[in-house]
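I have placed the structure first, in the form of structure tokens, so that the comments after it can refer back to it.
The values are calculated or read from the model by the stated rules, or taken from the named source; none is laboratory data. Computed from a prediction, not measured in an experiment: that's the story for all the values here. Cβ placement follows ideal geometry from the backbone for every residue including glycine, while neighbour counts extend to all protein chains displayed.
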Amino acid sequence: MPHIFALLWILLLTACAAPKQIMDPQLEPVAPVMPLPSETFEGKPQPRPASLPSYRGQAETRARTAESYSGPAVLSLLKQSRTALSKGRNDQASAALERALRIEPKNPFVWQALASVHLDGKRAEQAEATAEKAISLSQNNPHVAAGSWALIAQARTMLGDVAGAEAAQQKADELKDAQ
Amino acid sequence: MIRRKIPRRWRNAGVALASLGLIVFSIYLIALDRDIRSRFAGARWTLPAQVYASPLELYPGLEYRPEDLRRELQVLGYREDRVLSGPGTFSIGKTQVDLVSRAFTFWDGPQAAMRFSIRFSGGAVADIRTPGQSATQALVRLDPLLIGSIYPREGEDRVLVKLETVPPQLISGLLHVEDQNFEDHHGIDVFAIFRAAFANLLAGRVVQGGSTITQQLVKNFFLSSERSLRRKLNEVLMALLLEAHYDKSEILEAYLNEVYLGQDGERAVHGFGLASQFYFNKPLPELRIHEFALLVALVKGPSYYNPRRHAERAKARRNLVLNMLGEADLIKPDELKRALALPLGVTGAAGKTAGRYPAFVDLVRRQLKGQYPESALTGEGLRIFTTLEPRAQEALENRIRSTLETLDKVRKPKDAKAPLEAAGVVTTTEGGQVLALAGGREANFAGFNRAIDSRRPIGSLAKPFVYLAALMQPQRYNLGSILEDEAIEVPQSTGEIWEPHNYDDMAHGPIPLYRALAQSYNYATVRLGMDVGAPAVSKVFAAAGFPGGPPPAYHSMFLGSLHLAPLEVAQLYSTLASNGYYTPLLAIREVLAKEGQPLTRYEFNVRRTLPEGPLHLLNWALEQVVQTGTAAGTAAYVPRSTRLAGKTGTTDELRDSWFAGFGADRVAVIWVGRDDNTPAGFTGASGALQIWAPLMADLRARGLEPRLPADVEEIEIDPVTGLRADSGCAETVLIPYIKGFPLEDYAACAHGRSPLRWLQDQF
């Protein structure tokens, strides 16, 4: 009995199939699409899985603070940076953060801290670009983005870009409200 | 006896003559005095800049194994020693390494020598403790590797030592062997001269010298083999002058830093500080008796007793020195016995240069040029902290060496005159720090630096910039846009017709945009380039950091007729890797003055030059190059779960083989070819990729974890056709697109399960 259903099912599907066929001869053949150069001498190609990598399940960045996001090494450098800044050692503050970025290059909290050190050192253009970078890496984490937009607003004020500063501040406020 | 009366006039003339002589002599003495004093000051203050690698940072979670640490410590010259007798020693167990770090003055201040216990588990650092402290350490920084120095043209190099840091046994040993009356004489030792003369007379040849340390110092200042009475006289006079001006400790310190102790190519090794690094790869205070006895032995004749070339001669002389120290009770009998039995302990093979990583130091030199005058670099003892990561550098050099050996076996054109060469660069994805740079397969040879100076056509490495220019027009292109891979003729302004070809000389028909890039099809790329226009592509190149601004907008640029050096390619790809933030590549982090005051810091300098959304799409496609495209061979070295992106490049007749690619934290660019521009015989995949892929594994490059930019969304496509799918398709893949500009063409399966697939599933 199930075989009959199966057969019917095939017939039905075949009848309904769209005229455009997937096996268009103009297109690439199915699955192992891998014209490996013939002279590849090492690492025999393995049969490829038919699927491409999925972007599902990428880590969501919703950490509220650097503490809940960063490893202990980076946290100790963030602390070191703050201490240096409080002593007026702007250069050492940014040096510590650059060390941290060598350990966690995509940590948005560190980029944001670096932006604020740039701002402290009156390097407004760098502050703006660095804060932008923090936002890029934050994946719209409102906790990072709000602070970074506020830094951008300050940097733009320093650069004399009043309208830009206002727009940035508005974004910061919106994000803060959304939290 | 007849006394002849000397006429008064004559007598006066005699007095005048004598006075004149005295005046001339005084002037001469003053000139000598000035000469010797300036040389003396020079010996104390003229110091080549020292170049350091970036320090190893250890922290919990770092992917690192005890063997890795052992290798790194050995490169640093740490000695395996179970009792950890002092700085620069370590002991290694299966899951734990104990070490005593060296004191070092970093950019942010001095760091004392400290003892650490580092525990490992699961291929990573588990925790770091300091005995006697309850808290674990979050981060530990070791002293950085001294990779070389920037010494002047005359080739004098030294590492300054202070008298108080020199082991007392070395000083007493040196004085015992070279100048026993040093503390008492005034520059010359008359007794020693007579004793030497007597010995020489007996032997019938020169067997002993009577020179004091002071005389030897003078001799070293004006190094020349000339043996004349006048020179000897000058030497004596200058020795006396020196003793009159300076006290014994100053003279001794100058001697320790000045004495000539070896030759390394055109570089002269001066002083015990550098000699210690040169022969034993560690600082002077860490030398043991048998080691500094060798240095003392070398004073007599660094080339005659060269321990790397004449090991037996050197050992005999070293043991002679040891025995002299034993006789003088400067070392205990059991110490003597042990020391005599030890091998020389000199590092490196004969003739190996002590200046490490010359290609990288070359880059450092170029970055410094124009910022510091040559005299400051070669004379003021600057300390230069670079971005070099010794692990990455070693991995790059090793992979280039071993892969080229294999490639030589695979294919060696009979008529090839020039050997197969390679060059490579490794940088960070963020901050633009150059971690490693290799200028050729002979890494220790400071010759033609191909990584910087060899500009070659980049071939298909140019394609991503064509595709990015297209993706930056989301209203016209997305990753699924269908391109035509059909032959094309492009009329040139010169009247000629450009006819590009595919690598396999086949046309592949309609194909989704991302796959045309992954398979590196030329027809599709040229058609796309023609469509977006050369000026748009040129602008993208400029934004990514093309050297000297936008390249001329020729159509041939779509297929990479542009000539670039590997370092310049690394600049372009690092902008892609950091999602559109351009950061000038840097080899230097900080420059410190001799006393440790910070002079210059090279900051992270980021600038957004390319839009994030389209770049996210491009990098997704570059991932497909590695996953399913021309670089699929990567899977033999790096697990597919580690997501890497990159591009192969091959030029006409297989002259150049390129690969440029990146993960989350590392960018690497490799070129393989021949200096005479004859065919290398390899494609990007069969040549350069065979270095790149295992290198990325060695570097433990982290896989990409892209974060969706605000203006990007993902939809499912049918991987077979590259067309939009819905839940009806058996397998789907998420593909990113710019919000508001989704892929529109639906795959056949989008309206129900495809019968063919269903059949495939059944059988």
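Filtered by the rule that a residue be among the basic types (Lys, Arg) and touching a strand residue (DSSP E or B) at 6+ places or on another chain (Cβ under 9 Å), the range B:630-649 gives a lone residue, B:Lys647. For the range B:64-77, a tally of residues being in contact with a strand residue (DSSP E or B) (Cβ under 7 Å, 6 or more places away or on another chain) and either without any contact (Cβ under 8 Å) to a residue 24 or more places away in the chain or under 14 Å from B:Ile128 (Cα atoms) (or both) returns 4.
Looking only at residues of the range B:56-90 that are surrounded by 15 or more Cβ atoms within 10 Å (Cβ to Cβ) and touching a Lys or Arg at 6+ places or on another chain (Cβ under 6 Å), we find that the one that is farthest from B:Arg601 (Cα to Cα) is B:Thr89.
When B:Asp718 is tested against (1) touching a Phe, Trp or Tyr at 6+ places or on another chain (Cβ under 9 Å); (2) at the interface with chain A (Cβ under 9 Å from one of its Cβ atoms); (3) in contact (Cβ under 8 Å) with a residue 40 or more places away in the chain, only condition (3) is not met. Identify, by number, the condition in (1) buried (at least 21 other Cβ atoms within 10 Å of the Cβ); (2) touching a helix residue (DSSP H, G or I) at 6+ places or on another chain (Cβ under 6 Å) that B:Ser460 doesn't meet. Unmet condition: (2). State whether one or more residues within the range B:653-675 are farther than 22 Å from B:Gln624 by Cα, under 26 Å from the mean Cα position of the chain (by Cα) and surrounded by fewer than 19 Cβ atoms within 10 Å (Cβ to Cβ). The answer is yes, given that some residue of the range B:653-675 is farther than 22 Å from B:Gln624 by Cα, under 26 Å from the mean Cα position of the chain (by Cα) and surrounded by fewer than 19 Cβ atoms within 10 Å (Cβ to Cβ).
Of all residues in the range B:664-679, those satisfying the criterion of being of a type in the set (Val, Ile, Thr) and away from every other protein chain (no Cβ under 13 Å) are B:Val669, B:Ile670, B:Thr678.
Residue-wise test of (1) under 19 Å from B:Gly432 (Cβ atoms); (2) facing chain B (nearest Cβ under 9 Å); (3) buried (at least 24 other Cβ atoms within 10 Å of the Cβ).
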{"position": "A:Leu77", "(1), (2), (3)": "no, yes, yes"}
{"position": "A:Ala93", "(1), (2), (3)": "no, no, yes"}
{"position": "A:Arg102", "(1), (2), (3)": "yes, yes, no"}
{"position": "A:His118", "(1), (2), (3)": "yes, yes, yes"}
{"position": "A:Arg123", "(1), (2), (3)": "yes, yes, no"}
{"position": "A:Ala127", "(1), (2), (3)": "yes, no, yes"}
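Filtering the range B:228-247 to residues that are farther than 19 Å from B:Leu175 by Cα, at pLDDT 75 or above and small (Gly, Ala, Ser) leaves only B:Ala244. Here B:Ala451 does not fit the description of being part of a loop (DSSP other than H, G, I, E, B), under 23 Å from B:Gly681 (Cβ atoms) and of a type in the set (A, V, I, L, M, F, W, C). Being at pLDDT 90 or above, in a helix (DSSP H, G or I) and aromatic (Phe, Trp, Tyr), is that true of even one residue in the range B:347-360? Looking through the range B:347-360, at least one residue is at pLDDT 90 or above, in a helix (DSSP H, G or I) and aromatic (Phe, Trp, Tyr).
Within the range A:131-179, the set of residues being in contact with a Lys or Arg (Cβ under 9 Å, 6 or more places away or on another chain) and among the β-branched types (Val, Ile, Thr) comprises A:Ile152, A:Val162. Among the conditions (1) modelled with pLDDT under 90; (2) surrounded by fewer than 23 Cβ atoms within 10 Å (Cβ to Cβ); (3) under 43 Å from the mean Cα position of the chain (by Cα); (4) not aromatic (Phe, Trp, Tyr), B:Gly480 misses just one, which is (2). Residues of the range B:63-85 that are within 14 Å of chain A (Cβ to nearest Cβ) and either in a loop (DSSP other than H, G, I, E, B) or farther than 30 Å from A:Gly71 by Cβ (or both): B:Tyr64 alone. Considered as a group, the residues in the range A:129-141 that are more than 8 Å from chain B (Cβ to nearest Cβ) and in contact with a Leu (Cβ under 9 Å, 6 or more places away or on another chain) include one that is surrounded by the fewest Cβ atoms within 10 Å (Cβ to Cβ), and that residue is A:Ala134.
Of the listed requirements (1) outside any loop (DSSP other than H, G, I, E, B); (2) modelled with pLDDT under 95, B:Gln690 misses just one: (2). The sole residue among A:Lys106, A:Lys44 that is basic (Lys, Arg), modelled with pLDDT under 95 and surrounded by 18 or more Cβ atoms within 10 Å (Cβ to Cβ) is A:Lys106. Figure legend. Inter-residue proximity from the range B:598-609: first residues at the interface with another protein chain (Cβ under 7 Å from one of its Cβ atoms), second residues of a type in the set (Lys, Arg) and part of a strand (DSSP E or B), beta-carbon distance below 8 Å, spacing 6+ or different chains. Indicated pairs: B:Arg601/B:Arg589.
Only a single item in (1) outside any helix (DSSP H, G or I); (2) surrounded by fewer than 20 Cβ atoms within 10 Å (Cβ to Cβ) is not met by B:Ala536, and it is number (1).
Within the range B:634-652, the residues that satisfy the criterion of being within 12 Å of chain A (Cβ to nearest Cβ) and surrounded by 24 or more Cβ atoms within 10 Å (Cβ to Cβ) are B:Thr634, B:Leu644, B:Ala645, B:Thr648, B:Thr650. All of B:Ser225, B:Ser211 fail the test of being assigned to a loop (DSSP other than H, G, I, E, B), at pLDDT below 80 and polar (S, T, N, Q), apart from B:Ser225. Restricting attention to the range B:17-62, the residues that are touching a residue at least 40 places away in the same chain (Cβ under 8 Å), closer than 28 Å to B:Val269 by Cβ and assigned to a helix (DSSP H, G or I) add up to 9. Which of (1) without any contact (Cβ under 8 Å) to a residue 40 or more places away in the chain; (2) in a loop (DSSP other than H, G, I, E, B); (3) surrounded by fewer than 20 Cβ atoms within 10 Å (Cβ to Cβ) does B:Pro510 not meet, given it meets every other one? Going through the list (1) without any contact (Cβ under 8 Å) to a residue 40 or more places away in the chain; (2) in a loop (DSSP other than H, G, I, E, B); (3) surrounded by fewer than 20 Cβ atoms within 10 Å (Cβ to Cβ), B:Pro510 breaks only (2). As a summary of the residue check, A:Gln112 satisfies the conditions (1) part of a helix (DSSP H, G or I); (2) facing chain B (nearest Cβ under 7 Å) except for the one numbered (2).
Could you tell me whether B:His310 is touching a Lys or Arg at 6+ places or on another chain (Cβ under 8 Å) and at pLDDT 90 or above? Taking the combined requirement at face value, the residue does not satisfy it.
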